[in-house]
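Since the structure comes first, as structure tokens, the remarks are kept for the end.
The values are calculated or read from the model by the stated rules, or taken from the named source; none is laboratory data. These numbers come from a predicted model, not from an experiment. With ideal geometry, Cβ positions are generated from the backbone for all residues, glycine too; neighbour counts draw on all protein chains shown.
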Amino acid sequence: MGAPGLSYLPDHGDETYHVARYDLRLDYKIVPNRLSAHAVLTAVARRQLSRFTLDLSGFKVSAVRVDGRAAKFARRGHRMTVKPARPLAEGAEFAVEVRYSGNPRPVGGRWGDIGWDELTDGALVASQPIGAPSWFPCNDRPGDKASYTVAVTTSSAYRVLVTGDLVSRQAGASATTWVFQRREPTSTYLMSVQIGRYDELPLPGPVAQRVAVPRRLRDKASADFGRQPEMMACFERLFGPYPFGEYVVVVTDDDLEDPIEAQGMAIFGANHVDGRCGFERLVAHELAHQWFGNSLTIARWQDIWLNEGFATYAEWLWSQESGGPGVAELVREWGARVPGSAFPIGDPGVAHLFDPPVYKRGALTLHALRGRVGDERFFAMLRSWATVWRHGAVTTADFVAHAEAHAGEPLGGFFAEWLGRW
């Protein structure tokens, strides 16, 4: 159902090629907010290409090369059209090299300013949904997943955290270079860089977990994230093994409107730490995204309920597990508050992409499915959904087919009732 291939953000991304790997070298001066960078994208042409586009907002671009040859380029807004010296054959692998510099700033839009942003003392990146071009040239489509190497050089007084595994750190008296690898296929909007004066708080358990936090908030964070290892064990039991090597939580020294989702990482504001577990619902939500949203990534923005509805239902499951309100109570509460929706949550439109019904009615849809197929089939369905599509890109149609296979019956009418169109 719906309109396959119809993009909510037609001015982001290019479907004519796929990026397999990004190699980013970033030199960042904190006080002047100055970034000098070198990016190499390894890509594959999906058809013969005489030109293609990249997404990059701001910056002065000093050079673009394709397969080692200087390429012509033109810029309009955050779009950069690149014309290689020679056309690229369908199926050909090619490398794009971009050198650029300037003052990184968020990308403005209907969701406010999103992307690389200055903190009071440091920097953060919130890339969802259109912020990735604020710091690197990319093919900014959620379904175009790639591996990454990101090297960040900045003042030695600061700690750098990037969505990936730290593979080297070369410390100097004034500057330190941190190199991270994100081996698992990752969407551009799930890549993040965090720079600040952080202490690290390790958490126990078989999955490596740590919290990077300003020293003044360390004790509060220790309490607020103290049950995260239990939460991790609960979600591994329900959804299957944690899909990445580690989970890193960053608590900034500034307030944030909402936590920020990234791959293998979540970022909270100082206002989300109170020392009384007052925001544990959000801790559960962001952790659940590592399965639903990050490992399994939506191929199209219209399927956002697959991220947010699943993470919201995980909140409810954890609430019951941890002695809070039970799932049935939360279903009654939210069923009364969002009994229906003015828009189809399976295709909400750009204007409603992050509206509450997508989250809450998405979770109610899952609970209704659970009631229809029974607990045994439902949780087996969730675990296999996370396993079969591990590190892949998914659509609502994929989930409907998966659910039907487990239920042993057609479910098109059921999902049409709950999601509207998709």
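Among the residues of the range 294-319 satisfying the criterion of being among the small types (Gly, Ala, Ser) and farther than 20 Å from Phe415 by Cα, which is surrounded by the most Cβ atoms within 10 Å (Cβ to Cβ)? Ranking the qualifying residues of the range 294-319, first place goes to Ser295. The set of residues from the range 186-200 being surrounded by fewer than 16 Cβ atoms within 10 Å (Cβ to Cβ) and not in a strand (DSSP E or B) comprises just one member, Arg197.
Results for (1) among the hydroxyl-bearing types (Ser, Thr, Tyr); (2) more than 17 Å from the chain's Cα centre (by Cα); (3) not in a strand (DSSP E or B), shown as yes or no for each residue.
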{"residue": "Asp144", "(1), (2), (3)": "no, no, yes"}
{"residue": "Thr154", "(1), (2), (3)": "yes, yes, no"}
{"residue": "Ala157", "(1), (2), (3)": "no, yes, yes"}
{"residue": "Val160", "(1), (2), (3)": "no, yes, no"}
{"residue": "Val167", "(1), (2), (3)": "no, yes, no"}
{"residue": "Ala173", "(1), (2), (3)": "no, yes, yes"}
{"residue": "Thr176", "(1), (2), (3)": "yes, yes, no"}
{"residue": "Gln181", "(1), (2), (3)": "no, no, no"}
{"residue": "Glu184", "(1), (2), (3)": "no, no, no"}
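Within the set Ser101, Ser62, the sole residue that is over 30 Å from Val251 (Cα atoms), among the hydroxyl-bearing types (Ser, Thr, Tyr), touching a Phe, Trp or Tyr at 6+ places or on another chain (Cβ under 8 Å) and not in a loop (DSSP other than H, G, I, E, B) turns out to be Ser62.
For every residue, the table says whether it meets (1) in contact with a Phe, Trp or Tyr (Cβ under 8 Å, 6 or more places away or on another chain); (2) within 28 Å of Tyr313 (Cβ to Cβ); (3) acidic (Asp, Glu); (4) in contact (Cβ under 8 Å) with a residue 24 or more places away in the chain.
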site: Ala146; (1), (2), (3), (4): yes, no, no, yes
site: Ala151; (1), (2), (3), (4): yes, no, no, yes
site: Arg159; (1), (2), (3), (4): yes, no, no, yes
site: Arg169; (1), (2), (3), (4): yes, no, no, no
site: Gly172; (1), (2), (3), (4): no, no, no, no
site: Val179; (1), (2), (3), (4): no, no, no, yes
site: Pro243; (1), (2), (3), (4): yes, yes, no, yes
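Checked against the criterion of being closer than 15 Å to His272 by Cα, of a type outside the set (A, V, I, L, M, F, W, C) and assigned by TED's automatic domain parsing to the domain that holds Gly269, the candidates Arg218, Arg237 yield just one match: Arg218.
The condition of being surrounded by 17 or more Cβ atoms within 10 Å (Cβ to Cβ) and under 21 Å from the mean Cα position of the chain (by Cα) holds for only one of Arg65, Arg105, that being Arg105. Restricted to the range 82-97, and to residues there that are touching a Lys or Arg at 6+ places or on another chain (Cβ under 6 Å) and in contact (Cβ under 8 Å) with a residue 24 or more places away in the chain, the residue that is surrounded by the fewest Cβ atoms within 10 Å (Cβ to Cβ) is Glu90.
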